[in-house]
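Below: the structure, in structure tokens.
Just so it is clear, none of the values below were taken in a lab; they were calculated from the coordinates. Quick caveat: nothing in here was measured; it's all calculated off a predicted structure. A quick note on method: Cβ atoms are made from the backbone with ideal geometry, for glycine too, and the neighbour counts reach across all protein chains shown.
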Amino acid sequence: MNYELQQIQAFLKVAELESFQAAAQSLNLSQPALSRRIKKLESILGTPLLARTTRSVSLTTVGRDFFPQAKRLVDEFDHALFNIRALAENRIGQITLACIPTAAFYFLPAVIREYNARYPNIRIRLLDLSANDGLGAVLSGEAEFGINMLSGHHPDIVFTPLVVEPFVLVCRHDHPLAAHDSVTWSELSTHKLIGVGKMSGNRMLLDHELSSLTQRPTWFYEVQHLSTSLGMVEAGLGVAAVPRLSMPDQEHPLLVQRPLVEPLVKRTLGMVRRRDSALSPAAERFVETLLKHWDKGGVEGSTGPINL
DNA sequence: TTGAATCGGCATTATAAGGT
DNA sequence: ACCTTATAATGCCGATTCAA
């Protein structure tokens, strides 16, 4: 414990009670000991803070000036200690995670709900970013960890797989392809395909996986978000290839999904975090909750929608 | 292990204020 | 002027800490 802080606390107490005797009692200290603390503080500051006679104590001009500052100092110190304790006990805090929109929408809400029930005072900042931006946010430290797709491997990133999911075809139920049980990628080349931008993680994955096909699909419309492409499909503008998790529900009034094969393209979603930095206690708890959900919900995301 | 520095407590002193 | 009382300051000593 810092001696000077004790001295300042002693000064405040004497100033408040205008008595060494009473202040000493209040501080569980003998009066001579308190006398010495004040004297020490005054010698450090080089000026008397308290004007005392044997019968009364009052503040000197300097003491009156110093009092509010000292009070604020001690209050802030107490407050800081309180906060640090609360942080350590997971009573307060904030975590920031960066995840791709699909994850943010489809499987994080359940995890967040459970986490929030257990740690109601920990705020969650959810950055729903593209795969690239999300990875950048984790690398820069803006986010403590993230949920992203596996794309190459960055030396500073640790990837923990959570779910593998296939890309599926989405079309309107009145579209010719809706009559097929499954659709090959080559078949798509004759249809108007709605795809996401060239820099999107999904698009890069698809371009890579499909590069060996002789009849590659060509993207007729290009959008930024999967949800936009779904909307365009709904409007009858074309068909889209999307990760299965981004499909709203099994029973959509207008949209149907069909397996996309030859080849079967899958993406792996998982947790990303920096290799070199430890997570905060609050984030650790969140990751625990997340992984627990995945043990329960199943890594079988490739075979069906995930129940949470 | 030891010696210096520092803190706190007990006993005591010094002194201001009030009463006679 | 002298006594009493209340209270801060000081002397002294033991305990603890820290560095050599």
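Below 8 Å, C-alpha to C-alpha, sequence gap of six or more: please give me the relative contact order for chain A in percent.
20
For segment A:69-83 and segment A:203-247, what is the separation of their Cα centres, given in Å?
57
Ranking A:Phe77, A:Phe159 by Cβ neighbours within 10 Å, fewest first, what do you get? Don't skip to the end; give the middle numbers.
On the way: A:Phe77 14, A:Phe159 18.
So the ranking, lowest neighbour count to highest, is A:Phe77, A:Phe159.
I want to verify the translational diffusion coefficient of segment A:57-163 in µm²/s; compute it with Stokes-Einstein, Rh as the Kirkwood radius over Cα pairs, at 20 °C and 1.002 mPa s.
On the way: Rh = 17.1 Å.
The estimated diffusion coefficient comes to 125 µm²/s.
Magnitude of the Cβ-charge dipole of chain A, K/R +1 and D/E -1, about the Cα centre, nearest 20 debye?
The calculation lands at about 1400 debye.
Say R0 is 41 Å: what FRET efficiency, to the nearest 0.05, do A:Ala80 and A:Thr228 get from their beta-carbon distance?
FRET efficiency, A:Ala80 to A:Thr228: 0.30.
Out of every Cα-Cα pair in chain A, what percent are more than 25 Å apart?
The share of Cα pairs beyond 25 Å in chain A comes to 62 percent.
With a 10 Å cut-off between alpha carbons and a GNM built on chain A, which of A:Glu251, A:Glu16, A:Glu89 moves the most?
Highest fluctuation of the listed residues: A:Glu16.
For A:Phe105, A:Phe20, A:Phe82, A:Phe145, which order do you get if you count the other beta carbons within 10 Å of each Cβ and list the fewest first?
A:Phe82, A:Phe105, A:Phe20, A:Phe145
Per DSSP helix of 4 or more residues, -39500 (n - 2.57); summed, then divided by the residues of chain A. What does that give at 222 nm, rounded to the nearest 500?
-13000 deg cm²/dmol
How charged is the neighbourhood of A:Glu284? Take every other residue with its Cβ under 12 Å from the Cβ of A:Glu284, and add Lys/Arg as +1 and Asp/Glu as -1.
Counting the neighbours of A:Glu284, the net charge comes to 0.
Which lysines, on any chain, are close to A:Lys40 with Cα under 23 Å apart, when same-chain ones fewer than 8 places away are left out?
By straight Cα distance, A:Lys40 reaches A:Lys13, A:Lys71.
Once both labels are modelled 7 Å past Cα along the beta-carbon direction, what's the A:Asp174-A:Thr61 spacing in nm?
Using points 7 Å along Cα→Cβ, the separation is 9.1 nm.
Which of the aspartates and glutamates could a cross-linker bridge to A:Lys266, judged by Cα under 17 Å and excluding same-chain residues fewer than eight apart?
Within the straight-line cut-off, A:Lys266 pairs with A:Glu165, A:Asp207, A:Glu209, A:Glu300.
Which is the longest stretch in chain A that no exposed loop site breaks, taking sites as trypsin sites (Lys or Arg not before Pro) with a DSSP loop state and at most 16 other Cβ atoms within 10 Å?
A:92-191
At a 10 Å Cβ-Cβ cut-off, how would you order A:Ile44, A:Ile157, A:Ile8, A:Ile147, fewest neighbours first? Don't skip to the end; give the middle numbers.
On the way: A:Ile44 11, A:Ile157 17, A:Ile8 21, A:Ile147 27.
Taking fewest neighbouring Cβ atoms as first place, the list is A:Ile44, A:Ile157, A:Ile8, A:Ile147.
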